[in-house]
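The values are calculated or read from the model by the stated rules, or taken from the named source; none is laboratory data. All of these numbers come straight from a predicted model, not from anything done at the bench. Virtual Cβ from ideal backbone geometry, glycine too; neighbours counted across all protein chains shown.
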Amino acid sequence: MGWTKVNTDATDIKKHLNKSFIGEYKGSHQITTKIGEQIVYDFINSQAVPFAIYGFTNLNRVMQSIEVGTVCRITYRGTEKVQTKFGLKDVHQVDVEISDGDVTEEPKEDLPF
C-alpha cells in the first residue's frame, strides 16, 4: 500500500475567470493570514481528490446557506462596480450553483492542484 500526500493548498479562484470548480462541499475552516482571519471552503471532486477555495465576501455570503454534502459548481465572474457603504467599488462576483442530483458534467480543464 502506497501513500499519497494530501493537498492542503487552497485555490484563489479570483485568478481563474469563468472557470468552474465542481465538487462536494465538505465544510470550511479558518486560517490566519497577514491581513487577518480568512475562511477556506473544502471540497472533494468526482475523482475523490480534495481541493479548497479561499473565501471572499460574495462567496462567503452564498456558502452560509450551503449544506455539507451538497455538490456545488463555483465560477468566478470577475469584478463589477457596485455601490457599497464605502462608495462605488469593484466587487468580486461569483456564481454558486448546487446540484439537483443529475450531475453528468465534468470540468473541461484540470483543476490547479
Q: Go through segment 50-60 and give me each residue that's closer than 30 Å to Gln83 by Cβ and either touching a residue at least 24 places away in the same chain (Cβ under 8 Å) or of a type in the set (Phe, Trp, Tyr) (or both).
A: Ile53, Tyr54, Gly55, Phe56, Thr57, Asn58, Leu59
Q) Across segment 78-96, which residue is farthest from His16 (Cα to Cα) among those that are surrounded by 13 or more Cβ atoms within 10 Å (Cβ to Cβ) and within 15 Å of the chain's Cα centre (by Cα)? A) Val96
(Q) Give me the residue from segment 1-30 that is among the hydrophobic types (A, V, I, L, M, F, W, C), at pLDDT below 95 and surrounded by fewer than 13 Cβ atoms within 10 Å (Cβ to Cβ) and, out of that set, nearest to Ile98 (Cα to Cα). (A) Val6
Q. Just checking, which of Val49, Val62, Val94, Val68 is at pLDDT below 95 and among the aliphatic types (A, V, I, L, M)?
A. Val49
Q.
For segment 14-49, give me the residue count where each residue is touching a helix residue (DSSP H, G or I) at 6+ places or on another chain (Cβ under 8 Å) and touching a residue at least 60 places away in the same chain (Cβ under 8 Å).
A. 2
Q | Members of segment 31-60 that are under 23 Å from Gly101 (Cα atoms) and surrounded by 10 or more Cβ atoms within 10 Å (Cβ to Cβ) | A | Tyr41, Asp42, Phe43, Ile44, Asn45, Ser46, Val49, Pro50, Phe51, Ala52, Ile53, Leu59
